[in-house]
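The structure under discussion appears below in the form of structure tokens.
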Amino acid sequence: MRILYLHQFFATRESSLGLIRSYEFSRRMIAEGHEVIMVTSASRLPAEFNERSITHGEIDGIDVRSVRVAYSNYMGTWRRMLSFAHFMIGATWLAIRAPKPDVVFATSTPLTIGIPGWIAAAWHRVPFVFEVRDLWPEAAIQMGAISRGGFIGRVAKGLERFLYHRATDVIALSPGMAAGVIAEGKDPDRVHMVPNSCDLDLFSPGPKDPQFVEKYGLAGKFVVGYAGAIGPSNAVEQQVVPAAAELKRRGRDDIVFFIIGDGKSVPTFKEQIAEQELDNVVLAGEMPKKEIPRVTRTSDVVMALFADKPILATNSPNKFFDGLASGRPVLVNSPGWTRELVEEHEVGAYVPQGDGVATAEALIRIADDDALRERMGENALALAKAQFGRDELAHKVIAVLERAAEQHGHPKVMR
């Protein structure tokens, strides 16, 4: 089966904090005998993909066709929209010029990735499968990026419904996302929940990384790690700054926050750290995905944080699954399904969003109870292996694509 895979922000393990779901799934598709053509932007690819406006190359057996598009987490709403439009045009061109696939698979965000996906499927007369990583435009509306009743909001909502109904099948990354798709009228039998995954070949329990411990002054510290975006939707500073201040007030200088990442909120974060003289917060900047296992192993607790918006409770955060695979307790502040997993399986702790006192108290409880911390870590690894292994979840995605292709008269495997 030839799969035309569209993901605007395709990234590999070499990319700086890239989301590697599409890369990992593509590798497994190829291992099962399928061919993958990836249409993406060059923003998170090696330098050679940024040398021309349109580039065609290969990464680990994946046929990668990229569009050079300017993009940054620091962009405002309008500049992002222009970037999305630029990519949408280039991706449509690449997708219709690609060899005829058996199925088209487009994964958000942004929502606009569905347009070249749908056009390519119609052009090649093959099924279109859409993957929902965030419930757009609702996420953008609740974050204040667009207005619900405005022109852009209405158009985006119409596009969301259009794509759901034009897709043969929809893959959603959490129970909340699946419910959101079904609420828009999609047949529940055509909605499949496949969450983010634990890369058990990349993340594993182990001793703290001695280089990180020395470089960042973590010797003898109880390390609370975070690796991910630092922007408005994560609100990392709103959780960490009050918690760090509370820990200092209680004299718990042994507990340190180790923060990896970049984003629009970093300048504000740095200002707050400086103003409150919080020497128990270490901002270490960005790192490639392949380095993050060193971060999680060095951490005694891993955090998965989001802003206080209802829609964000539906998220399926990679950092949560990375923590599980590393056998580390995970602290979450979202009242959604990750809280349910944490509490049901005793793999960490839930604290309310922005509650520094509750965060400090949860961390002190875990830091001071070796038996509890060890039990949580063991439970985390067991949950990772039982429910969220990348291989098993990749098989689920491949099965959806195979079924879609077969029902439209296309072969299951290339001969």
Practice task
Treat each spin label as a single point 7 Å out from the Cα along the C-beta direction, and report the GLU184 to ASN50 distance in nm.
Solution key: 3.2
Problem - Amide H partners (placed H, <5 Å) of ALA172, local residues excluded - result: VAL132, HIS192, MET193, VAL194
Exercise for the section: Measure off 7 Å from each Cα along the Cα-to-Cβ vector at LYS385 and GLU343, then give the distance between these two points in nanometres to one decimal. Expected result: 2.8
Practice task
Find how many whole Å separate the alpha carbon centroid of the stretch 345-403 from the alpha carbon centroid of the stretch 98-161.
Solution key: 30
Practice task
Using only the Cα atoms of the stretch 244-294, each taken as one equal point scatterer with no solvent, compute I(q) by the Debye sum, divide by I(0), and report log10 of the ratio at q = 0.15, 0.26, 0.30 Å⁻¹.
Solution key: -0.48, -1.01, -1.14
Completion exercise
GLN353 neighbourhood, Cβ < 13 Å, K/R = +1, D/E = -1, net charge -1
Completion exercise
The extension gain from LYS100 to ALA31, computed as 0.36 nm times the residue separation minus the Cα-Cα distance, is 22.8 nm
Handout entry: Derived scalar couplings ³J(HN,Hα) [the stretch 117-122; Karplus, 6.51 cos²θ - 1.76 cosθ + 1.60; whole Hz; x for Gly, Pro]
Key = x, 5, 4, 4, 5, 5
Handout entry: Stretchable slack from GLU286 to ALA85, in nm (0.36 nm times residue separation minus alpha-carbon distance)
Key = 69.7 nm
Problem - Rounded tilt (10° steps) of 77-97 against the dominant C-alpha axis of the chain - result: 40
Exercise for the section: Would you mind checking which residues have amide H under 5 Å from LEU6's amide H? H placed 1.01 Å from N; only 5 or more apart, or other chain. Expected result: VAL39, PHE105, ALA106, THR107
Fill in the blank from the handout: Residues whose built amide H sits under 5 Å from the amide H of GLY389, excluding neighbours closer than 5 in sequence, are CYS198
Completion exercise
Rounded to whole Å, √(5λ) for the Cα gyration tensor eigenvalues of the chain, largest first, gives 37, 22, 21
Completion exercise
GNM of the chain, Cα pairs under 10 angstrom: of ALA386, ALA227, ALA95, the biggest fluctuation goes to ALA386
Exercise for the section: Within the stretch 269-309, which residues have the backbone N less than 13 Å from the label spot 7 Å out from VAL213 along Cα→beta-carbon, could you tell me? Expected result: 297-300
Practice task
Take the alpha carbon atoms of the stretch 262-276, find their center, do the same for the stretch 162-205, and report the distance between the two centers in whole angstrom.
Solution key: 34
Practice task
Using a Förster distance of 56 angstrom, determine the FRET efficiency expected from the C-beta separation of ILE152 and GLU378, and round it to 0.05.
Solution key: 0.70
Practice task
Find the eigenvalues of the gyration tensor of the Cα atoms of the stretch 260-362, then list the square roots of 5 times those eigenvalues as equivalent ellipsoid semi-axes, largest first, in whole angstrom.
Solution key: 22, 18, 14
Handout entry: For the chain, share of DSSP beta bridges that run antiparallel, in % to the nearest 5
Key = 15
Exercise for the section: Starting at the first residue of the stretch 104-113, write each ³J(HN,Hα) from the Karplus equation 6.51 cos²θ - 1.76 cosθ + 1.60 with θ = phi - 60°, in whole Hz, x for Gly and Pro. Expected result: 10, 10, 10, 10, 7, 9, x, 4, 5, 4
Exercise for the section: Take the Cα atoms of the stretch 210-387, build their convex hull, and give its volume per residue in Å³. Expected result: 105
Practice task
Give me the orientation-averaged projected area of the Cα convex hull of the stretch 318-415, in nm², one decimal.
Solution key: 8.2
Practice task
Treat the count of other C-beta atoms within 10 Å as a stand-in for reagent exposure and order ILE171, ILE89 from fewest to most.
Solution key: ILE89, ILE171
Fill in the blank from the handout: Expected vector for the stretch 247-258, Karplus 3J(HN,Hα) from phi with 6.51, -1.76, 1.60 and θ = phi - 60°, integer Hz, x for Gly and Pro, equals 5, 5, 4, 8, x, 9, 6, 7, 9, 10, 8, 10
Practice task
Would you compute, from DSSP H runs of 4+ residues alone, the mean residue ellipticity of the chain at 222 nm, taking -39500 (n - 2.57) per run and dividing by the full residue count, rounded to the nearest 500?
Solution key: -13000 deg cm²/dmol
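Read the figures in this text as sums done on the coordinates, not as results from a lab. Values in this document were obtained by computation on a predicted structure and should not be read as measured data. Every residue, glycine as well, gets a Cβ built from its backbone with ideal geometry; the counts of neighbours run over all protein chains shown.
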